[in-house]
1. Pick from Ala44, Ala61: which is open to solvent by 60 Å² or more (accessible area, probe 1.4 Å), closer than 18 Å to Leu13 by Cα and of a type in the set (A, V, I, L, M, F, W, C)?
2. Any idea which of Gly16, Gly67, Gly63 is on the phi > 0 side of the Ramachandran plot and assigned to a loop (DSSP other than H, G, I, E, B)?
3. What do you reckon, is Asn118 closer than 19 Å to Val53 by Cα and in a loop (DSSP other than H, G, I, E, B)?
4. Return the residue satisfying two criteria in turn: it lies in region 227-255 and is surrounded by 24 or more Cβ atoms within 10 Å (Cβ to Cβ) and of a type in the set (A, V, I, L, M, F, W, C), and of such residues it is nearest to Phe155 (Cα to Cα).
5. Mind telling me which of the residues Leu81, Leu170, Leu126 ends up being at pLDDT 95 or above, at negative phi and surrounded by 13 or more Cβ atoms within 10 Å (Cβ to Cβ)?
6. Return the pairs, sorted by first residue and then second, in which the second residue is of a type in the set (A, V, I, L, M) and assigned to a loop (DSSP other than H, G, I, E, B), the first residue lies in region 127-153 and is within 25 Å of Tyr296 (Cα to Cα), the beta carbons are less than 6 Å apart, and the residues are 6+ apart or on different chains.
7. When both residues are 6+ apart or on different chains and their Cβ atoms are under 6 Å apart, which pairs have a first residue that lies in region 227-256 and is under 24 Å from Ala143 (Cβ atoms), and a second that is β-branched (Val, Ile, Thr) and open to solvent by 30 Å² or more (accessible area, probe 1.4 Å)?
8. Can you name every residue in region 31-41 that is open to solvent by 40 Å² or more (accessible area, probe 1.4 Å) and either touching an Asp or Glu at 6+ places or on another chain (Cβ under 7 Å) or assigned to a strand (DSSP E or B) (or both)?
Amino acid sequence: MSDPSHPSISSQLTYGNVEFNALCVDDETYSDPDAGTVTRCWLACDDHKDGAVLRELYLEANGDIYGPRGKNHTIQRDKVLDAPSSNGVFRHGDYLYFATGGEEKTITDSKGETITLNTGITKIALSDFSTAARIRFSYAKYAEYAENIDKVVAFEGVADAKLHLLSPDLFSDDVVNIGDYYYPGNSNNPGTSDNHTAPAFQGKSTITVDGNLVYVSLGAVGLKVFDLTLEQTDPAPVYQYLLTDQNLGNVNAVTLFNGNIMIANGADGLVVASIPAQGTDLEILGSYNPVGSVNYVAATDSYIILAAGTGGLYILKKI
């Protein structure tokens, strides 16, 4: 990004039979006896053989992926979670929190052993990658830490969607009902034009916490924003952006940028919105529709970065 008009790939990792669904780059450097001072990056992966896997790699000071000279391995540590899919990972304190999707159920594995799938949220110690705690529920889509209320906020992506407000030790769970959740492939979709995701894993929906508010991407329903301090079981959204037969899309992610709300709206592009002067419906300021499907959006400094599926990576500059 030193020349933002012509960004270049400085380093990359290709890994067969694995889908990389989400990542977390540490905000602290780490001293490794062999690699020196590095930044750790954690990948939420779907391995075609093992299912949900957490993998750790190192980034050098120039951003390159660290790999020992003469050796063909860049993954420092990994952990198999015994779940169908991985959807999110973040760090809080000395732990990682890992969101794994799929249906919570008991199965017989390839060794003939009976196991309960670890869908939900798993707390993992950074020191040795051991499991510190776990709470199980089906279709955990994403999770973030809400500092203002000292809770882990997790999104359960079922038809009657829920937020789980969890204590950091995962011992307590306040469940909040947030209404319908429609995903690509669901015959009840009110207005999606983006049907490329298998219903078994229910889309790419994420959440974004900002202060007391959580922005919940609800697929073909749209976007709803809730106040985390209300302590209500069935709260009404404080703001929303709802999709209809005339207003198509599939809301996958949201980021906040310079006072605006950037909405990754699937095959219907990027939607730019703001908090309304009155009422609950977000004010729509504009949109950008690249080739592909906007699955995720991030922003830093003056730049907005879009992950656009088959369209690739787009970098937009605010002027």
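1. Working: Ala44 fails: open to solvent by 60 Å² or more (accessible area, probe 1.4 Å).
Only one candidate passes the filter, namely Ala61.
2. Numbers: Gly16 fails: on the phi > 0 side of the Ramachandran plot; Gly67 fails: on the phi > 0 side of the Ramachandran plot.
Matching residue, one of Gly16, Gly67, Gly63: Gly63.
3. Values: closer than 19 Å to Val53 by Cα: yes; in a loop (DSSP other than H, G, I, E, B): yes.
Taking the combined requirement at face value, the residue satisfies it.
4. Step one: filter region 227-255 for residues surrounded by 24 or more Cβ atoms within 10 Å (Cβ to Cβ), giving 241, 243, 249-254.
Still in the list and also of a type in the set (A, V, I, L, M, F, W, C): 243, 251, 253-254.
Details: Leu243: 20, Val251: 14, Ala253: 13, Val254: 14 Å.
Among those that are surrounded by 24 or more Cβ atoms within 10 Å (Cβ to Cβ) and of a type in the set (A, V, I, L, M, F, W, C), it is Ala253.
5. The match here is Leu126.
6. Tyr139/Val158; Ala146/Leu228
7. Asp227/Val238; Leu228/Ile149; Tyr239/Thr280; Gln240/Thr280
8. Narrowing region 31-41 to residues open to solvent by 40 Å² or more (accessible area, probe 1.4 Å): 31, 33-34, 37.
Hits for region 31-41 are Ser31, Thr37.
The values are calculated or read from the model by the stated rules, or taken from the named source; none is laboratory data. Bear in mind the structure is a predicted one, so any value in this text is a computation, not a measurement. Please note: Cβ atoms are built from the backbone with ideal geometry, for glycine as well, and neighbour counts cover all protein chains shown. The accessibility values were calculated without ligands, DNA or RNA, using every heavy atom of the protein model including side chains. Shrake-Rupley method; radii C 1.70, N 1.55, O 1.52, S 1.80 Å.
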